[in-house]
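None of the figures in this text is laboratory data; all of them are computed from the coordinates on show. What you see is a predicted model; the values in this text were computed from it and never measured. Note: ideal-geometry Cβ built from the backbone for every residue, glycine included; neighbour counts use all protein chains shown.
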Amino acid sequence: MQVIISQGGALALTAGLTYPSKLAGIIGIGCFVMRKDTLASRITVNRETPVQLIHGDEDEVVPIQYGTKTFDFLKQLGINVKMHASPEAGHELPADAVGLFRRRVEEWVPQD
């Protein structure tokens with residue numbers, strides 16, 4: 001199994017959810033949903049794939065409102081999504097989210 005990780009979170013969400021093979025998980029950092037009008041119909045095998053959103057509450061590139069709207073939209077689609085808002089963080093992988101990032105990957109990818 002693979003994990004899609006990208007600070008190009010909008011692309012990670014779209015590519016991950018619509019990927020034709022099952023993924024272990026998707027992490028989107030400072031992101032939003034592209035093509036909301038067609039996304040639901042293009043999700044196949046990754047409908048139950050866990051998604052972790054991470055967003056800085058002071059993000060000036062992609063305001064956190066985009067992240068919360070993305071979270072709400074994915075929940076409405078029945079996606080297994082979690083949202084972490086990092087206080088006083090901008091458009092980056094916030095320091096307080098590094099441990100969460102690592103835990104998610106360890107949770108999703110079996111250790112040999």
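Quick notes on this one:
- Think of region 3-108 as a dipole: +1 on every Lys or Arg Cβ, -1 on every Asp or Glu Cβ, centred on the Cα centre; then among G90, S21, T70, S21 lies furthest on the positive end.
- For the residues T18, T38, T49, a GNM of the chain with alpha-carbon springs under 10 Å puts the largest fluctuation on T38.
- With N counted as the residues of region 51-107, its alpha-carbon radius of gyration over 2.2 N^0.38 Å works out to 1.11.
- Of the GluC sites (Glu not before Pro) in region 61-108, the ones in a loop by DSSP (not H, G, I, E or B) with at most 12 other beta carbons within 10 Å are E88.
- The length gained on full extension between A15 and Q111, counted as 0.36 nm times the residue separation minus their Cα-Cα distance, comes to 32.1 nm.
- Oblate is the label for the chain, because the ratio a/c of its alpha-carbon gyration tensor axes (a ≥ b ≥ c) is 1.5 or higher and a/b is not greater than b/c.
- Here the Gaussian network model covers the chain, with springs between Cα atoms less than 10 Å apart; of P63, P20, P94, P20 fluctuates the most.
- Estimated dipole of region 3-108 in Debye, rounded to 20 [Cβ of Lys and Arg +1, of Asp and Glu -1, Cα centre]: 640
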